[in-house]
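A short worksheet on the structure shown next.
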Amino acid sequence: MKEKEGKAMEKHSAGQENKLVEIVFSGDLDKALAAFVIATGAAAMGMDVVMFFTFWGTPLLRDKKKKVGGKDLMGKMFGAMLPKGVSKLKLSKMNMGGMGTAMMKSLMKKKNVASLEDMLALAAEMDVRIFICEMSMDLMGFKREEMIDYPNLTFCGVAKMLEEAQNSKVQFFI
Amino acid sequence: MSADMKVDKVMDLKGMPCPMPVVKVSKGIKDVEVGQVIEAHTTDPGSLADFPAWARTSGNEILKTDQTGDVIKFYIKRKV
């Protein structure tokens with residue numbers, strides 16, 4: 001039994017890379033900020049970083065300047081109700097009809113905390129890879145043409161993310 | 001600059017909160033050669049724990065840490 005466990009452990013630890021895989025499930029400003037701080041921090045520590053955006057995290061990657069037509073009613077509804085890019089996110093708590101979010105943003109500016117727009121650019125600069133969940137996009141009616149231009153962007157499913165997660169030392173779900 | 005140490009690059013990271021000091025220093029250290037030393041100034045108290053952690057993980061060495069008032073000075077040797 002012990003031997004078996006040992007072997008399983010060995011198999012598990014073999015091929016572990018200095019890599020972080022983050023699943024960004026939330027679409028809230030605070031949680032997205034945490035996700036980007038951790039991702040860029042990990043890249044600074046020399047880690048290979050993958051951010052997998054799924055469900056409420058998916059609209060973060062919409063480009064506010066891009067417009068696409070040809071959506072059905074549900075697609076249009078989701079499109080209108082969900083944030084169009086990182087600049088439109090709200091706090092998960094104390095939003096207070098947008099007032100809390102505005103206050104937090106001005107506080108972030110005052111305290112020199114990087115905005116999500118800056119963090120996204122920084123992530124690109126540091127070779128952080130971004131995966132977008134194809135199923136979430138399909139569910140919410142998002143099209144590839146309306147997503148951001150990002151140097152290392154992959155549209156994929158759960159298997160691609162798991163392949164990366166399997167040989168990574170650290171995994172986060174945010 | 002410290003009298004007993006040759007510094008090849010000085011980085012002013014004052015006023016920057018997490019994660020910027022570590023992000024900037026990880027980029028800045030690539031501007032000097034292996035064996036050379038950079039001096040980084042921060043005001044983020046978290047960097048007292050973060051810089052040594054970053055150095056251990058990235059394989060660089062913190063030679064000295066000085067704290068005067070709010071300003072923390074790190075002397076970091078590029079090793080990789």
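How about the range A:11-21: which of its residues are within 14 Å of chain B (Cβ to nearest Cβ) and either surrounded by 20 or more Cβ atoms within 10 Å (Cβ to Cβ) or part of a helix (DSSP H, G or I) (or both)?
Once the filter is applied, which keeps residues that are within 14 Å of chain B (Cβ to nearest Cβ) and either surrounded by 20 or more Cβ atoms within 10 Å (Cβ to Cβ) or part of a helix (DSSP H, G or I) (or both), the range A:11-21 yields only A:20.
Can you name the condition, by its number, that residue B:78 falls short on among (1) surrounded by 15 or more Cβ atoms within 10 Å (Cβ to Cβ); (2) basic (Lys, Arg); (3) within 27 Å of residue A:34 (Cβ to Cβ)?
Here residue B:78 meets the rest and fails (3).
Select from the range B:11-25 the residues that are out of contact with any strand residue (DSSP E or B) (no Cβ under 8 Å at 6 or more places or on another chain) and aliphatic (A, V, I, L, M) and list them in ascending order.
Across the range B:11-25, the qualifying residues are B:22, B:23.
Within the range B:46-67, can you find the residues that are more than 10 Å from chain A (Cβ to nearest Cβ), open to solvent by 30 Å² or more (accessible area, probe 1.4 Å) and either β-branched (Val, Ile, Thr) or touching a strand residue (DSSP E or B) at 6+ places or on another chain (Cβ under 8 Å) (or both)?
B:48, B:52, B:61, B:62, B:63, B:64, B:65, B:66, B:67 - these are the residues of the range B:46-67 that are more than 10 Å from chain A (Cβ to nearest Cβ), open to solvent by 30 Å² or more (accessible area, probe 1.4 Å) and either β-branched (Val, Ile, Thr) or touching a strand residue (DSSP E or B) at 6+ places or on another chain (Cβ under 8 Å) (or both).
If you check every pair at least six apart or on different chains, which have Cβ atoms under 6 Å apart with a residue in the range A:135-159 that is under 20 Å from residue A:64 (Cβ atoms) first and a residue that is of a type in the set (A, V, I, L, M, F, W, C) and part of a loop (DSSP other than H, G, I, E, B) second?
Pairs found: A:143/A:68; A:145/A:68; A:146/A:68.
Starting from the range A:106-118, take each residue that is more than 10 Å from chain B (Cβ to nearest Cβ) and list its partners that are surrounded by fewer than 12 Cβ atoms within 10 Å (Cβ to Cβ), counting only C-beta distances under 9 angstrom and pairs at least six apart or across chains.
Between residues of the range A:106-118 that are more than 10 Å from chain B (Cβ to nearest Cβ) and residues that are surrounded by fewer than 12 Cβ atoms within 10 Å (Cβ to Cβ), the close pairs are A:115/A:109.
Of the conditions (1) within 10 Å of chain A (Cβ to nearest Cβ); (2) at pLDDT below 95; (3) within 17 Å of residue B:64 (Cα to Cα), residue B:3 satisfies every one except a single condition; which number is it?
If we test residue B:3 against (1) within 10 Å of chain A (Cβ to nearest Cβ); (2) at pLDDT below 95; (3) within 17 Å of residue B:64 (Cα to Cα), just (1) comes out false.
All but one of (1) in contact with an Asp or Glu (Cβ under 8 Å, 6 or more places away or on another chain); (2) within 14 Å of another protein chain (Cβ to nearest Cβ); (3) aliphatic (A, V, I, L, M) hold for residue A:68, so report the exception by its number.
Going through the list (1) in contact with an Asp or Glu (Cβ under 8 Å, 6 or more places away or on another chain); (2) within 14 Å of another protein chain (Cβ to nearest Cβ); (3) aliphatic (A, V, I, L, M), residue A:68 breaks only (2).
How many of the residues in the range A:115-160 are under 27 Å from residue B:46 (Cα atoms), open to solvent by less than 20 Å² (accessible area, probe 1.4 Å) and among the small types (Gly, Ala, Ser)?
1
Residue by residue through the range A:37-60, note down the ones that are more than 20 Å from residue A:114 (Cβ to Cβ) and away from every other protein chain (no Cβ under 14 Å).
A:50, A:52, A:54, A:55, A:56, A:58, A:59
I need the full set of residues from the range B:8-40 which are more than 11 Å from chain A (Cβ to nearest Cβ), crowded, with 16+ Cβ neighbours inside 10 Å and under 11 Å from the mean Cα position of the chain (by Cα), in order please.
Within the range B:8-40, B:11, B:37, B:38, B:39, B:40 qualify.
Considering only residues that are of a type in the set (Asp, Glu) and part of a loop (DSSP other than H, G, I, E, B), which ones fall in the range A:43-102?
Passing the criteria: A:63, A:72.
Looking at (1) within 16 Å of residue A:53 (Cβ to Cβ); (2) within 14 Å of chain B (Cβ to nearest Cβ); (3) in contact (Cβ under 8 Å) with a residue 60 or more places away in the chain, find the lone condition where residue A:124 falls short.
Evaluating residue A:124 over (1) within 16 Å of residue A:53 (Cβ to Cβ); (2) within 14 Å of chain B (Cβ to nearest Cβ); (3) in contact (Cβ under 8 Å) with a residue 60 or more places away in the chain leaves (3) as the failure.
The values are calculated or read from the model by the stated rules, or taken from the named source; none is laboratory data. Here the structure is a predicted model, which is why all the values come from computation and not from measurement. Counting neighbours? That spans all protein chains shown, and the Cβs are built from the backbone with ideal geometry, glycine included. These area figures cover heavy atoms from the full protein model, side chains too; ligands, DNA and RNA do not enter into them. Shrake-Rupley method; radii C 1.70, N 1.55, O 1.52, S 1.80 Å.
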